[in-house]
Amino acid sequence: MKSTIVAIPSTHPGGLEAPLGAHFGHCDLYTLVKIDGGKVLEVATLPNVPHQQGGCMAPVNHLAQNGVQVLIAGGMGLRPLMGFQQVGIQVLFGNGAQTVGETVEALLQGKLPAFGTEFTCGGGGGAPQMMKF
């Protein structure tokens with residue numbers, strides 16, 4: 001089985017104990033988690049890039065260039081969601097998890113839905129409501 005690199009918007013300093021960054025493009029950094037066979041193999045961090053150069057697509061391209069295959073987010077606008085789809089990065093909705101570790105556990109348990117247009121916001125940080133299971 002091929003390993004997968006998952007990016008999770010995080011607050012400084014990142015890692016599994018870090019609180020989530022509410023909006024993918026405005027987070028302090030990304031915690032990158034390499035997963036294979038339902039297990040965490042490696043955890044690292046990746047600094048975010050400013051929006052000024054490239055607008056909303058700057059973080060999308062930054063993650064794609066760093067091998068990210070899945071992004072878990074609590075909020076984003078429609079334009080970056082479409083950008084992730086164009087570069088082949090699957091986006092999942094974080095559904096109210098509070099830490100990177102909680103998010104990874106929800107991912108491993110298959111509890112995170114695909115991030116569709118119903119979860120998009122107007123951009124700039126407004127996160128949508130949680131789903132009820």
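Filter the range 1-19 down to the residues that are assigned to a strand (DSSP E or B) and β-branched (Val, Ile, Thr), then identify the one that is farthest from Gly83 (Cα to Cα). Outline the logic, then answer.
So in the range 1-19, the residues assigned to a strand (DSSP E or B) come out as 4-10, 19.
Subsequent filtering for residues that are β-branched (Val, Ile, Thr) retains 4-6, 8.
Working: Thr4: 19, Ile5: 18, Val6: 17, Ile8: 17 Å.
The selected residue is Thr4.
Is there any pair linking a residue in the range 92-107 that is free of Cβ contacts under 8 Å to residues at least 40 places away in the same chain to one that is basic (Lys, Arg), with Cβ under 8 Å and at least six apart or on different chains, and which?
Filtered contacts from the range 92-107: Asn95/Lys111.
Of the residues that sit in the range 78-109 and are among the small types (Gly, Ala, Ser) and either in contact with a strand residue (DSSP E or B) (Cβ under 6 Å, 6 or more places away or on another chain) or modelled with pLDDT of 95 or more (or both), which one is nearest to Gly15 (Cα to Cα)? Walk me through it before giving the result.
Taking the range 78-109 as the starting set, the residues that turn out to be among the small types (Gly, Ala, Ser) are 83, 88, 94, 96-97, 101, 106.
Subsequent filtering for residues that are either in contact with a strand residue (DSSP E or B) (Cβ under 6 Å, 6 or more places away or on another chain) or modelled with pLDDT of 95 or more (or both) retains 88, 94, 101, 106.
Details: Gly88: 24, Gly94: 16, Gly101: 8, Ala106: 16 Å.
By that ranking, first place goes to Gly101.
Applying the selection to the range 25-48, what residues are more than 14 Å from Asn66 (Cβ to Cβ), of a type in the set (A, V, I, L, M, F, W, C) and in contact with a Leu (Cβ under 7 Å, 6 or more places away or on another chain)? Step through it out loud before you land on a result.
Step one: list which residues in the range 25-48 are more than 14 Å from Asn66 (Cβ to Cβ), which gives 25-28, 35-41, 43.
Now drop any that are not of a type in the set (A, V, I, L, M, F, W, C), which leaves 27, 35, 40-41, 43.
Listed by number, the residues that qualify are Ile35, Val43.
Just to confirm my filter: which helices (runs of 4 or more DSSP H) fall fully inside the range 20-125 and include at least 3 residues that are closer than 20 Å to Lys2 by Cβ? Write out each step before concluding.
Details: elements: 57-65, 78-87, 100-108.
Counting at least 3 such residues, we get 57-65, 100-108.
Checking Ala44 against (1) out of contact with any Cys (no Cβ under 9 Å at 6 or more places or on another chain); (2) under 15 Å from Thr120 (Cβ atoms); (3) not charged (D, E, K, R), only one condition comes out false. Which one?
(2)
Output yes when any residue across the range 50-60 is at pLDDT 95 or above, under 24 Å from Gly110 (Cα atoms) and surrounded by 13 or more Cβ atoms within 10 Å (Cβ to Cβ), and no when none is. Steps first, answer last, please.
Taking the range 50-60 as the starting set, the residues that turn out to be at pLDDT 95 or above are none.
Within the range 50-60, not a single residue is at pLDDT 95 or above, under 24 Å from Gly110 (Cα atoms) and surrounded by 13 or more Cβ atoms within 10 Å (Cβ to Cβ).
Could you grab me the full set of residues in the range 1-28 that are closer than 13 Å to Glu102 by Cβ and basic (Lys, Arg)?
None; the set is empty.
The values are calculated or read from the model by the stated rules, or taken from the named source; none is laboratory data. Keep in mind the model is a prediction, meaning the values are calculated, not measured. Because the Cβ atoms are built from the backbone with ideal geometry, glycine has one as well, and the counts that use them run over all protein chains shown.
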